[in-house]
């Protein structure tokens, strides 16, 4: 570690005249007196923590000062010993310099001591401590020494690598190198720079700064940078933000500071599913706006701890009082394990409304009773599922009692009685399917709306987290069902942008493979796995016809590839999830895309996750007979059911081909980046009820 002058340190920018003015006689005018006993305790504390003190030496002829780092040895009386940290060139320095001042620094205060020198050698020095030293406040916020953090400073395409030396909550000192052909003349001190701090694995900070000081040096230089912003927005600004709640007892955050490696423990003022606010003492603040904390522990008393990645997004005084000593820092949750995030949201949902439950252990007998009582399972639907009711029960046992990563349920209940229920299923890589919306309106007029609000709040809290895998939420609803038509259809009409929210209608019918009439496959017709070109053509067709969100939401994008990650999540619960993407072609020309969705019976009551889904691209070139023959072939090959559900797009094709269908299902898809618009509509809608 090179020896640097007091100006080079940046951390301790005190002039020679300032040091000359600190004497025992005027100490009371400059700062608080620190007695010898306190000096000894400070030196022993530095020794215990492996730190260093600063020794200033003054040139015998030119009165120039240099500052060296020295490690204090255990001290028990007035005699104090120090060892030089860097001994390179020390012998030459001792010929030209003599001892001047001992400085003990803790990042916030300086204690300036004028001891009596006993001996000074190339190994170290021995002094006799005076009766007292002088404590001088050096800055408003403490400056902390750092781990060897990599630094990059960028300005107008010039790049200067370096190492972080120390930091405060609003500035930091870096040691930069100039690598040819770049010189430090390329670093314009009047223009902002971009500073990037990183460890060996990830970036920790990136932001715009301005230069407040730089030393002289041709190859290396110390530069002090001050951040230009007290706020670093992480995500797109929301009009409808997650409500912050003050919990009792309030949790704490604990983490190893990424720049120092030291443990930090701070109390939480308020918290939501997307972030939290904490309070710091301004002088000892450690949270730099923009700083990423790779592992933060959110501790609730001694009961349980939740882990997340977080980022400091703002830092501001608690009040406008010029004498304010506290600052409020806001942290955004960048990512969190899905199950832990559900635990956090479940706590917050109940803190907001004690009757609202998220992914609780449901009494399944009570749930089935609720489904029948509310008419969610109506006679026609029960006729379809009654023969397989035991399989239905087994599937629901796994979804509602084993905390799966693929399912969420929202329950509104009072005194053990379920009044409202809604559920979601992750059936596509980045899309969650909403289903099972039901409420007992006899006992509660608001239960259905509460669970609808819950699911919206969950999406608002979760969609920015990578672990949630939630770019879209979707559902199927019957256009003749008044409530979902007004809510989901109303959202689409309100947003008026199919890339924000889209609705596409599908004809729903059954095929019975064993009863299908014999049909000899005509020459030139092929059913084969989709290739990239087929998906590209599908995207062109759909964009022209609808322009909605079906292609990305249903994992039909070209180039996306096929992954079994979601299949494995289902397999962990001993559940089935498999999707086949097939192309129906005639003489090489694409006529339809057929998706075979395979899952356990009962995963969705209407079997929309265990069905054949068809998108007809060439209505004129695909006749009814060849389509039904392909469906019968797939039904025999992949389904055990006597009747295989099919949904077909567009509905007009079914009408033109005179395919008898039972009903129409509207596929509603919301881009989660448009949740503000969703909530705006819901508020307007609810105000009219």
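The values are calculated or read from the model by the stated rules, or taken from the named source; none is laboratory data. From a predicted model like this one, the values you see are computed outputs, not experimental measurements. Methodologically, a virtual Cβ is constructed for each residue, glycine included, from the backbone with ideal geometry; neighbour enumeration extends over all protein chains shown.
Structure values in brief
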| read-out | value |
| --- | --- |
| Pairs, first in contact (Cβ under 8 Å) with a residue 60 or more places away in the chain in the stretch 484-500, second part of a loop (DSSP other than H, G, I, E, B) and crowded, with 19+ Cβ neighbours inside 10 Å, C-beta under 7 Å, six or more apart | 499/549 |
| Restricting the stretch 49-63 to residues that are in contact (Cβ under 8 Å) with a residue 40 or more places away in the chain and assigned to a loop (DSSP other than H, G, I, E, B), the residue that is farthest from residue 93 (Cα to Cα) | 51 |
| Residue list for the stretch 575-605, restricted to those being in contact with a helix residue (DSSP H, G or I) (Cβ under 7 Å, 6 or more places away or on another chain) and assigned to a loop (DSSP other than H, G, I, E, B) | 575, 576, 600, 601, 602, 603, 605 |
| Every residue from the stretch 349-381 that is at pLDDT below 85 and assigned to a helix (DSSP H, G or I) | 380, 381 |
| Filter pass, residue 448 being surrounded by fewer than 21 Cβ atoms within 10 Å (Cβ to Cβ) and touching a residue at least 24 places away in the same chain (Cβ under 8 Å) | no |
| Residues of the stretch 64-121 that turn out to be touching a helix residue (DSSP H, G or I) at 6+ places or on another chain (Cβ under 6 Å), over 18 Å from residue 34 (Cβ atoms) and touching a residue at least 60 places away in the same chain (Cβ under 8 Å), as a count | 2 |
| Selection within the stretch 595-608 - surrounded by 22 or more Cβ atoms within 10 Å (Cβ to Cβ) and either closer than 24 Å to residue 558 by Cβ or modelled with pLDDT of 95 or more (or both) | 597 |
| Matching residues in the stretch 164-208 - criterion: being surrounded by 14 or more Cβ atoms within 10 Å (Cβ to Cβ) and under 15 Å from residue 293 (Cα atoms) | 169, 196, 197, 198, 199, 204, 205, 206 |
| Within the stretch 259-278, considering residues that are over 17 Å from the mean Cα position of the chain (by Cα) and buried (at least 16 other Cβ atoms within 10 Å of the Cβ), the one farthest from residue 459 (Cα to Cα) | 260 |
| Options 166, 77, 86, 100; residue that is over 42 Å from the mean Cα position of the chain (by Cα) and either at pLDDT 95 or above or under 30 Å from residue 258 (Cβ atoms) (or both) | 86 |
| Given (1) surrounded by 13 or more Cβ atoms within 10 Å (Cβ to Cβ); (2) part of a loop (DSSP other than H, G, I, E, B), number of the condition residue 81 does not satisfy | (2) |
